1. Between a first residue in the stretch 68-80 that is more than 17 Å from Gln34 (Cβ to Cβ) and a second residue that is part of a helix (DSSP H, G or I) and not hydrophobic (A, V, I, L, M, F, W, C), which pairs have beta carbons less than 9 Å apart while being 6 or more apart in sequence or on different chains?
2. On the basis of being surrounded by 12 or more Cβ atoms within 10 Å (Cβ to Cβ), at pLDDT 75 or above and under 12 Å from the mean Cα position of the chain (by Cα), does Asp54 make the cut?
3. Taking the condition at pLDDT 95 or above, among the β-branched types (Val, Ile, Thr) and assigned to a strand (DSSP E or B), does Ile31 pass?
4. Name the single residue, out of those in the stretch 1-37 being among the hydroxyl-bearing types (Ser, Thr, Tyr) and farther than 17 Å from Leu79 by Cα, that is surrounded by the fewest Cβ atoms within 10 Å (Cβ to Cβ).
5. Read through the list (1) modelled with pLDDT of 95 or more; (2) surrounded by fewer than 13 Cβ atoms within 10 Å (Cβ to Cβ); (3) more than 17 Å from Ile15 (Cα to Cα), then give the number of the only condition that Gln91 fails.
Amino acid sequence: DCSLYEAANQFLAAIFNLHGLTAPVIDSIEIKRQFKSLDILTIVNDTYAILIEDKTFSKNHSDQLNRYRKSVESEYPHLIQLPIYYKIADQSHYRSIDQA
């Protein structure tokens, strides 16, 4: 589906853009669900790790964002991490998220 392909490319470009990077031409992509409790780990071109934590129905707790980053670093030390914290509704503060 052409529109789904375009939406996926726009989504990836937005993630790279949020991290001050230009999205690369994608040669390979690997998606892992629930990688060590992280909702989604996407490996792009064996160079980038996109970490997506969906907190739509919950909130950040027990330093989990830092733990997820350390888990990815331990397993894939060569990858550049691009963490994304996804939450539809607002929460009272984002201190622990900003620190991660």
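1. Cβ pairs passing all conditions: Leu79/Glu73.
2. Working: surrounded by 12 or more Cβ atoms within 10 Å (Cβ to Cβ): yes; at pLDDT 75 or above: yes; under 12 Å from the mean Cα position of the chain (by Cα): yes.
Yes: the conditions hold for Asp54.
3. Details: at pLDDT 95 or above: yes; among the β-branched types (Val, Ile, Thr): yes; assigned to a strand (DSSP E or B): yes.
In short, yes.
4. Filtering the stretch 1-37 down to residues among the hydroxyl-bearing types (Ser, Thr, Tyr) leaves 3, 5, 22, 28, 37.
From what's left, farther than 17 Å from Leu79 by Cα: 3, 5, 37.
Details: Ser3: 7, Tyr5: 9, Ser37: 10.
That would be Ser3.
5. (1)
Conditions tested, residue by residue: (1) on the phi > 0 side of the Ramachandran plot; (2) of a type outside the set (Gly, Ala, Ser).
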| position | (1), (2) |
| --- | --- |
| Leu12 | no, yes |
| Phe16 | no, yes |
| Gly20 | yes, no |
| Ala23 | no, no |
| Ser28 | no, no |
| Ile31 | no, yes |
| Gln34 | yes, yes |
| Leu38 | no, yes |
| Thr42 | no, yes |
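The values are calculated or read from the model by the stated rules, or taken from the named source; none is laboratory data. This one's a predicted model, so the numbers in the text were calculated from it and none came from an experiment. In this analysis, Cβ positions are derived from the backbone assuming ideal geometry, glycine residues included, and neighbour counts consider all displayed protein chains.
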